[in-house]
Amino acid sequence: MANSVTKEISYEDLKALVGKSQNLFLVDVRTKDEVDKGRIPGSVHIPVDTVEAAFKMEPEDFKAKYGVTKPPLDAPELVFHCQVGRRGGVATSKANELGYVNARNYAGAYREWSEKEGK
């Protein structure tokens with residue numbers, strides 16, 4: 001199932017999930033410096049260059065490192081984001097390759113989120 005088109009999620013759709021959906025697994029793939037300046041509530045910080053290794057980890061190792069339960073391959077709401085959209089797309093593609101069929105990129109990224117949220 002080689003689908004080269006990265007699935008995306010809009011601000012409105014993500015906003016509806018943040019803080020409300022038990023299934024949302026939101027991954028912030030930016031650098032620590034970027035994350036320290038502001039983040040989307042509930043996101044898990046996994047830098048883009050470590051995404052592949054992270055999602056190949058054994059579940060207990062993943063939980064020990066990130067403090068959250070590793071999402072299953074069929075996780076319905078696995079979303080990646082960065083600052084402007086490109087790295088999120090790269091991370092989403094990696095997740096797709098690893099079998100996370102529903103992984104999506106929040107293409108508007110933190111830049112759009114912070115503008116819409118007025119931060």
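The values are calculated or read from the model by the stated rules, or taken from the named source; none is laboratory data. Keep in mind the model is a prediction, meaning the values are calculated, not measured. Cβ atoms come from the backbone with ideal geometry, glycine included; neighbour counts cover every protein chain shown. Keep in mind that these areas ignore ligands, DNA and RNA; they rest on the heavy atoms of the full protein, side chains included. Shrake-Rupley method; radii C 1.70, N 1.55, O 1.52, S 1.80 Å.
Structure values in brief
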| item | result |
| --- | --- |
| Search result, residues across region 1-22 that are open to solvent by 80 Å² or more (accessible area, probe 1.4 Å) and of a type in the set (Gly, Ala, Ser) | Ala2, Ser4, Gly19 |
| Criterion (in contact with a Gly (Cβ under 6 Å, 6 or more places away or on another chain), of a type in the set (Gly, Ala, Ser), open to solvent by less than 10 Å² (accessible area, probe 1.4 Å) and at pLDDT 95 or above) met by exactly one of Ala95, Ala103, Ala109, Ala75 | Ala109 |
| Some residue of region 33-42 being at pLDDT 95 or above, open to solvent by less than 70 Å² (accessible area, probe 1.4 Å), under 23 Å from Gly118 (Cβ atoms) and among the acidic types (Asp, Glu) | yes |
| Residue in region 3-19 that is in contact with a Gly (Cβ under 6 Å, 6 or more places away or on another chain), under 20 Å from Val90 (Cα atoms) and at pLDDT 95 or above present | yes |
| Hits in region 93-119 (condition: closer than 15 Å to Pro76 by Cβ and assigned to a helix (DSSP H, G or I)) | Ala95, Asn96 |
| Verdict on Phe25 being open to solvent by less than 100 Å² (accessible area, probe 1.4 Å), in contact with a strand residue (DSSP E or B) (Cβ under 8 Å, 6 or more places away or on another chain) and in contact (Cβ under 8 Å) with a residue 24 or more places away in the chain | yes |
| Filter result for the condition that a residue is surrounded by 18 or more Cβ atoms within 10 Å (Cβ to Cβ), at pLDDT 95 or above, closer than 22 Å to Ser10 by Cβ and not acidic (Asp, Glu), over Phe55, Phe80, Phe62 | Phe80 |
